[in-house]
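J.: This is the structure I want to talk about, given as structure tokens.
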Amino acid sequence: MEEMERYLHRLITRHRSATKEGKPAQYIPELARQNPDALAITAVTTEGRTYGAGECPGYFTLQSIAKVITLIVALMDRGEEAIFHQVGMEPTGDPFDSLYKMELTAGEKLRKPLNPMINAGAMVVCSLVRGNTLDERIQRIIHVIKEMSGNPEVHIDWSVYESERETADRNRALAYILKEYHMIQRVEETLELYFQQSSISVRCEDLARIGLCLAQNGRNVDGKQVIPESVARIVKTFMVTCGMYDQSGEFAIRVGIPAKSGVSGSIVAAIPFRMGIGIIGPALNERGNSVAGLRILRDLSMEWNLSIF
Ligand code: GLN
């Protein structure tokens, strides 16, 4: 076994007990059923080598990580100017599904969600993805994930989708506020696309390859430019400023790697021109980030000196 793989095994062993400090997301019943003890990491390097440790539970849903991909597609569809006319570039310091700042911006001329990594911002971004039908639009998002990960089997987990859809009162509230502010028009269709993109399912190694593609400014593991360099730069910057919800500042200081988490317990990380990392560990802290995943990334960054700062 190579040094890298041995090291990843050590990290998993060291932080396995951290899974006891959190629990899977409870507000989506299908996610609450995930194995709280699961923990796995995969790293794919720029040379195309794959290293893994822990036990990946097979496919899991992207949840908020999908916001990164949907932003990529919308930026490719409409360009920077059009997107940032509708959604801001600033971190919020609030939980991802907060309604609070929506009201605070109510007196201003142009009301827009503060960034595309919070739910409200991601809904606006969803509404900007091109396609004649809902199916065409979600397929275009899935296509980009297939290109970035090289896995043609990426698909939607329809039971997680149903489960989120049935319990999404808060997200519906956000979407209807956005409609009132004329930020989105077709609420139900936008919500559908939002739930479907959250439920796109990948494996740990797919996440690592997605991270690698971003780390290589849009080139996938085969060297193919699948997203423009300028788009990769924008989304990586959002990963630094807003990728870990309202824990992004602490993460930037302690880890210093562009990363995005999802409430499935997943994390994707892009270490510029070195490697992509995928982690799954469904036990979450109170901010919605994988407890063990955070510790693993902190150690990896410190011990290998990987912070970009
Ligand atoms: N589907 C989730 C939601 O909107 C995604 C959120 C997340 O991963 N933080 O509630």
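A short reminder: the numbers here are calculations on the coordinates, not readings from a lab. This one's a predicted model, so the numbers in the text were calculated from it and none came from an experiment. Here the Cβ positions follow ideal geometry from the backbone for every residue, glycine too, while neighbour counts run over all protein chains shown.
J.: Please list 3J(HN,Hα) in residue order for region 52-63, calculated via the Karplus relation 6.51 cos²θ - 1.76 cosθ + 1.60 where θ = phi - 60°; whole Hz, with x for glycine and proline.
T.: x, 8, x, 10, 6, x, x, 7, 9, 7, 6, 6
J.: Normalise the Debye intensity by I(0) for the chain, one equal point scatterer per Cα, no solvent, then take log10 at q = 0.15, 0.16 Å⁻¹ and round to two decimals.
T.: -1.15, -1.33
J.: Direction-averaged shadow area of the convex hull around the Cα atoms of region 132-242, nm²?
T.: Dividing the Cα hull surface by four gives the mean projection, 8.1 nm².
J.: Taking the Cα atoms of region 82-192, report the difference between the largest and smallest coordinate on each principal axis, in whole Å and largest first.
T.: For region 82-192, the Cα spread along each principal axis is 46, 31, 29 Å.
J.: Okay, next question. In nm, give the distance between the simple-model label positions of Glu166 and Asp94, each being 7 Å from the Cα along the Cα-to-Cβ direction.
T.: 3.0 nm
J.: Let me ask something else. Where nothing but the Cβ of Lys and Arg (+1) and of Asp and Glu (-1) is charged, how large is the charge dipole of the chain around its Cα centre, in debye to the nearest 20?
T.: Here the size comes out at about 480 debye.
J.: Order 180-189, 156-165 from most to least packed using the mean count of other Cβ atoms within 10 Å.
T.: 156-165, 180-189
J.: Now, a different point. Ranked highest first by average number of other Cβ atoms within 10 Å, how do 250-263, 232-245, 10-23 line up?
T.: Highest mean packing first, the order is 250-263, 232-245, 10-23.
J.: For Ala32, what charge total do you get from the other residues with a beta carbon under 15 Å from its beta carbon, if Lys and Arg give +1 and Asp and Glu give -1?
T.: Cβ neighbours under 15 Å give a net charge of -4.
J.: Okay, next question. Would you calculate a helix-derived [θ] at 222 nm for the chain, using -39,500 (n - 2.57) for each DSSP H run of n ≥ 4 and dividing by the full residue count, to the nearest 500?
T.: -14000 deg cm²/dmol
J.: Further question on the same structure: Treat every Asp and Glu Cβ in region 70-213 as -1 and every Lys and Arg Cβ as +1, leave all other atoms uncharged, and give the resulting dipole magnitude about the Cα centre to the nearest 20 debye.
T.: 340 debye
J.: Tabulate in residue order the Karplus-calculated ³J(HN,Hα) for region 244-255, using 6.51 cos²θ - 1.76 cosθ + 1.60 with θ = phi - 60°, rounded to whole Hz; enter x for Gly and Pro.
T.: Per-residue couplings from phi come out as 10, 6, 7, 10, 5, x, 4, 4, 4, 6, 7, 10 Hz.
J.: Please give me the summed charge of the neighbours of Thr46: other residues whose Cβ is under 15 Å from its Cβ, Lys and Arg +1, Asp and Glu -1.
T.: Cβ neighbours under 15 Å give a net charge of +3.
J.: Sort by residue number and name the cysteines in the chain that have no neighbouring cysteine Cβ under 4.7 Å.
T.: Flagged as lacking a Cys partner: Cys126, Cys213, Cys242.
J.: Please give the contour-minus-distance gain from Leu134 to Gln185: 0.36 nm per residue of separation, less the Cα-Cα distance, rounded to one decimal in nm.
T.: Gain on extension, Leu134 to Gln185, equals 16.9 nm.
J.: Here is the link list: Lys112/Lys146; Lys20/Lys260; Lys101/Lys179; Lys23/Lys112. Which ones come out longer than 24 Å on Cα distance?
T.: Lys112/Lys146; Lys23/Lys112
J.: How large is ³J(HN,Hα), in whole Hz, for each residue of region 165-178 in order, when computed from phi with the Karplus curve 6.51 cos²θ - 1.76 cosθ + 1.60 and θ = phi - 60°, using x for Gly and Pro?
T.: 4, 6, 10, 8, 4, 5, 5, 5, 4, 4, 5, 6, 5, 4
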